[in-house]
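Visitor: Got a structure for you, questions after.
The values are calculated or read from the model by the stated rules, or taken from the named source; none is laboratory data. All of these numbers come straight from a predicted model, not from anything done at the bench. Using ideal geometry, Cβ is built from the backbone for each residue, glycine included, and neighbour counts are taken over all protein chains shown.
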Amino acid sequence: MKDIAEAIKSGGLGNVKAPRLKAVVREILAQRGELSLDFLAELPLEEAKGWLRSLPGVGPKTAACVLLFSLGRPALPVDTHVARVARRLGLIPERASAEHAHGLLEAMLSPEQVYPFHVLLVEHGRRTCAARRPACPRCPLLAHCPTGQRVVGGEG
Ligand code: SF4
């Protein structure tokens, strides 16, 4: 366990994630007899998500990350940046749960748009639409953003 925690510590929370990772690996081996998720590339997308989410500690974001980044499937991970920017732009309701946000946003996108949408919203959230101080006056999305209009208009 110590070795796993050490190997993943640069990602943060190594001691918390290590036992979870071990449990997931055990479960994959028990179910599949090998350490490979390649079979998920052939399953219908919702089935592949469901399979991943049945693993211990795997939620909608992690399942979508595995499918998008490792298998090239059009599943949208909604991390803190994607959720914040999407809320401010009015794409999802203010109180949408993570689970609901995944479904709502993914349904708006064609399969080809999923990867760039994710990457660009994360980048926008880091560079411009920061959690505490969004740089609305210089944001290229200002004209389309209800939150930005309020901020620039002095209401937010
Ligand atoms: S206008 Fe402001 S709140 Fe809207 S996306 Fe841009 S930075 Fe974010």
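Visitor: Does the range 131-156 hold any residues that are surrounded by 13 or more Cβ atoms within 10 Å (Cβ to Cβ) and near the ligand (Cβ under 8 Å from one of its atoms), and which are they?
Guide: Pro134, Ala135, Cys136, Cys139, Leu141, Leu142, Cys145, Thr147, Gly148, Gln149, Val151, Val152 - these are the residues of the range 131-156 that are surrounded by 13 or more Cβ atoms within 10 Å (Cβ to Cβ) and near the ligand (Cβ under 8 Å from one of its atoms).
Visitor: Name every residue in the range 95-151 that is in contact with a Gly (Cβ under 9 Å, 6 or more places away or on another chain), of a type in the set (A, V, I, L, M, F, W, C) and farther than 23 Å from Thr62 by Cβ, in order of residue number.
Guide: Cys129, Cys136, Cys139, Leu141, Leu142, Cys145
Residues are listed down the side, and each one gets a yes or a no for (1) assigned to a loop (DSSP other than H, G, I, E, B); (2) touching a strand residue (DSSP E or B) at 6+ places or on another chain (Cβ under 9 Å); (3) modelled with pLDDT under 95:
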{"position": "Phe69", "(1), (2), (3)": "no, no, no"}
{"position": "Arg84", "(1), (2), (3)": "no, no, no"}
{"position": "Leu121", "(1), (2), (3)": "no, no, no"}
{"position": "Cys129", "(1), (2), (3)": "yes, no, no"}
{"position": "Gly154", "(1), (2), (3)": "yes, no, yes"}
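Visitor: So which residues in the range 78-120 are surrounded by 16 or more Cβ atoms within 10 Å (Cβ to Cβ) and among the basic types (Lys, Arg), if there are any at all?
Guide: Answer for the range 78-120, where residues must be surrounded by 16 or more Cβ atoms within 10 Å (Cβ to Cβ) and among the basic types (Lys, Arg): Arg84, Arg87, Arg88.
Visitor: May I ask you to say which residue of Leu76, Leu68, Leu89, Leu55 is touching an Asp or Glu at 6+ places or on another chain (Cβ under 6 Å), in contact (Cβ under 8 Å) with a residue 40 or more places away in the chain and not charged (D, E, K, R)?
Guide: Leu76
Visitor: Given the conditions (1) within 12 Å of the ligand (Cβ to nearest atom); (2) closer than 30 Å to Glu27 by Cβ; (3) crowded, with 20+ Cβ neighbours inside 10 Å, report the number of the one that Ala48 does not fulfil.
Guide: Tallying (1) within 12 Å of the ligand (Cβ to nearest atom); (2) closer than 30 Å to Glu27 by Cβ; (3) crowded, with 20+ Cβ neighbours inside 10 Å, Ala48 fails exactly one: (1).
Visitor: Looking at Pro77, is it touching a Pro at 6+ places or on another chain (Cβ under 9 Å), in the same structural domain as Leu45 (by TED's automatic domain parsing), modelled with pLDDT of 95 or more and more than 16 Å from the ligand (Cβ to nearest atom)?
Guide: Working: touching a Pro at 6+ places or on another chain (Cβ under 9 Å): yes; in the same structural domain as Leu45 (by TED's automatic domain parsing): yes; modelled with pLDDT of 95 or more: yes; more than 16 Å from the ligand (Cβ to nearest atom): yes.
It is true that Pro77 is touching a Pro at 6+ places or on another chain (Cβ under 9 Å), in the same structural domain as Leu45 (by TED's automatic domain parsing), modelled with pLDDT of 95 or more and more than 16 Å from the ligand (Cβ to nearest atom).
Visitor: Under 8 Å between Cβ atoms, at least 6 apart or on separate chains: pull out the pairs that start in the range 114-136 with a residue that is among the β-branched types (Val, Ile, Thr) and end on any residue that is modelled with pLDDT of 95 or more and within 7 Å of the ligand (Cβ to nearest atom).
Guide: If the second residue must be modelled with pLDDT of 95 or more and within 7 Å of the ligand (Cβ to nearest atom), the pairs left are Thr128/Pro134; Thr128/Ala135; Thr128/Cys139.
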